[in-house]
Amino acid sequence: MRSQQQTVKENSSFKPRKKTQKRYRIRYGRITTAILLLVLFSTGIALIFHYTTVWIRDNVATRQVKAIDHSTNLALLEEISLSKEEPARFQGQLQKVAYLTFDDGPSKYTDAILDILRQHEAKATFFMIGSQLSQHEDAVKRLVNEGNYPGLHSISHDYNELYKSGSSTNFINEFQQEQEKMQEIVGFTPDLIRAPYGSSPQIDETFRADIVNAEFKMWDWTVDSLDWNLLDKPDEIVEGVSKSVHRDKEVILMHERKQTVEALPRILKILEKKGYAFEVYDPNTKFTMNFSGDSRL
């Protein structure tokens, strides 16, 4: 009897524990399933968010950026007439450009100016007087060989001779004569001119049409260094240029003078610090740079 009762008790006590363990396993399985479903749901939401963000970036944001760039390029084209794309952008950013120009050479200062430009890896456009070419042929050849441009600045640089005759005839003739002299020295005929004393107010619309018909291009400037009037005052020249440059494109008027040579290294450093790249006139790259805004020139 004791043995059977003991067996019954053992059997009866064993069966409830088996049921209890079964209930615990069922609850643990539900919890595991719920956690798994939650993880899968969260992962799905994260993936949907990720791919939605990527789609918006690639299909919406990109279109907006392109539209902005297109508008910017249109604005540049309205400001500058181009026969080929000008170096206006670098890594998507607007490139600031300074065109250094020197009038009234060639002279005894030409080589010193070229030395300074070479030290700064800069190029410039020189507007030279025809009556001085034969005395400085080596300097003219050097500036061309080093990548600078030999612009024209008339034969006489005489205001009355160029502008007081009542027509453009004397003006055109002088620049054509200078072209011939330049052909003899450097082997080609430059087409870029700078009118002595500037194109305004002495050159009117009819006068400009005659210049166009003679197939010249004409540059004035955006910044006048006033170096011609600041004898022995290089500090004032530097200060004036530094205060005046602010445009994305500057054409800086300087002259072949002693005070300009003394000021030039500091001017170049200031322009470099302000983020300007140095460019030289390129006949294949056209933009308007005359006081009348005449796009034909």
Dividing the convex hull volume of the alpha carbon atoms of the stretch 97-238 by its residue count, what do you get in Å³ per residue?
124
State the percentage of accessible surface on the stretch 171-215 attributable to carbon and sulfur atoms; use a 1.4 Å probe and exclude ligands, DNA and RNA.
38
At Asn160 and Arg266, where each label point lies 7 Å from the Cα along Cα→Cβ, what is the point-to-point distance in nanometres?
3.9
For a label point 7 angstrom out from the Cα of Ser134 toward its Cβ, which stretches of the stretch 151-178 have the backbone nitrogen within less than 15 Å?
155-156, 177-178
Contour minus end-to-end for Asp224 and Asp191, with contour as 0.36 nm per residue of separation and end-to-end as the Cα-Cα distance?
9.6 nm
Return, ordered by residue number, the residues of the stretch 220-234 whose backbone nitrogen is under 16 Å from a label point located 7 Å along Cα→Cβ of Lys258.
227-234
If the label point is 7 Å along Cα→Cβ of Ala112, which residues in the stretch 264-291 have backbone nitrogen under 12 Å from it?
264-265
For each pair in Lys243/Lys269; Lys96/Lys258; Lys249/Lys273; Lys181/Lys286; Lys217/Lys243, compute the distance between the two Cα atoms and list the pairs where it is over 18 Å.
Lys96/Lys258; Lys181/Lys286; Lys217/Lys243
Applying 1/(1 + (r/R0)^6) with R0 = 30 Å to the Cβ-Cβ distance of Arg247 and Asp204, what FRET efficiency is obtained, to the nearest 0.05?
0.70
Quick one: which residues, 5+ away or cross-chain, put their amide H under 5 Å from the amide H of Val251? H built at 1.01 Å from N.
Tyr99, Thr222, Val223
Charge dipole of the stretch 160-297 about the Cα centre (unit charges at C-beta), most positive-ward option of Ser244, Val280, Trp219:
Ser244
To check my understanding: the extent here is largest minus smallest coordinate of the Cα atoms along each principal axis. What are those three numbers for the stretch 182-297, in Å, largest first?
42, 33, 29
If R0 = 25 Å, then Gln119 and Asn284, at their Cβ-Cβ distance, give a FRET efficiency to the nearest 0.05 of 0.35
May I ask you to give the percent of accessible area on the stretch 225-297 that is carbon plus sulfur, with a probe radius of 1.4 Å?
49
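The values are calculated or read from the model by the stated rules, or taken from the named source; none is laboratory data. For clarity, every value in this text was computed on a predicted model and none was experimentally measured. Because the Cβ atoms are built from the backbone with ideal geometry, glycine has one as well, and the counts that use them run over all protein chains shown. These area figures cover heavy atoms from the full protein model, side chains too; ligands, DNA and RNA do not enter into them. Shrake-Rupley method; radii C 1.70, N 1.55, O 1.52, S 1.80 Å.
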